[in-house]
Amino acid sequence: MAKVEKTENIMIEFSIKDRLLVMSYFLPKEGNILIMTMVNDIRSKLELIQDEIKKYNIREIDGGRLMWKEPTNKKQFTFSTAELEMLRSGVSKLDKNSKVTPELLSLCLVIRGK
């Protein structure tokens with residue numbers, strides 16, 4: 001009988017800003033089919049949906065920047081162990097290359113601490 005590996009789900013709370021930062025800075029831009037499939041899975045969890053766009057009045061200003069109301073718009077997300085490891089790898093790469101900015105610091109600490 002094949003051995004089934006147990007995976008644990010991890011909950012993380014992200015704001016809209018956190019979600020946009022994760023998708024921009026923490027995920028690989030390229031990789032093999034398995035890696036990019038996982039990237040797509042994470043992106044599909046974090047992407048903004050129409051209800052949120054309306055609820056928080058999300059709009060584009062000044063050539064691509066986004067603006068929204070209610071800065072306390074946190075939402076819980078469930079990640080598999082493998083997905084969390086991918087996010088942690090993104091944090092590690094930023095840290096190793098001295099690319100952690102003040103804007104990213106608290107998000108890096110949340111992801112690394114999970």
Exposed-loop cut sites defined as GluC sites (Glu not before Pro) in DSSP loop states with at most 15 other Cβ within 10 angstrom; longest site-free run of the chain spans 48-114
Once the Cβ-Cβ distance between ARG88 and ILE61 is put in as r, and R0 is 25 Å, what FRET efficiency do you end up with, to the nearest 0.05? 0.15
Across 10 Å bins from the origin, how do the percents of Cα pairs in segment 40-83 run, short distances first? 22, 46, 26, 5
May I ask for the angle, rounded to the nearest 10°, between helix 81-96 and the longest principal axis of the chain, with both axes built from Cα atoms and the value confined to 0 to 90°? 70 degrees
Placed amide H near PHE77: partners under 5 Å, 5+ positions off or other chain: ILE12, GLU13, PHE14
Given the options ASP51, ASP62, ASP18, state which has the largest fluctuation in a GNM of the chain using a 10 Å cut-off (strictly under) for Cα springs. ASP62
Quickly estimate the mean residue ellipticity at 222 nm for the chain, helices only: each DSSP H run with n ≥ 4 gives -39500 (n - 2.57), and the total goes over all residues, rounded to 500. -14500 deg cm²/dmol
Under 30 Å from the Cα of LYS93 - lysines, other chains or at least 8 residues apart: LYS6, LYS17, LYS29, LYS45, LYS74, LYS75, LYS114
Counting other Cβ atoms within 10 Å, keep those with at most 11, restrict to DSSP loop, and tell me which chymotrypsin sites (Phe, Trp or Tyr not before Pro) in segment 30-114 are left. none
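Read the figures in this text as sums done on the coordinates, not as results from a lab. Bear in mind that the values here come from a model prediction, so they are computed numbers and not experimental data. Don't worry about glycine lacking a Cβ; one is built from the backbone with ideal geometry, like all the others, and counts go over all protein chains shown.
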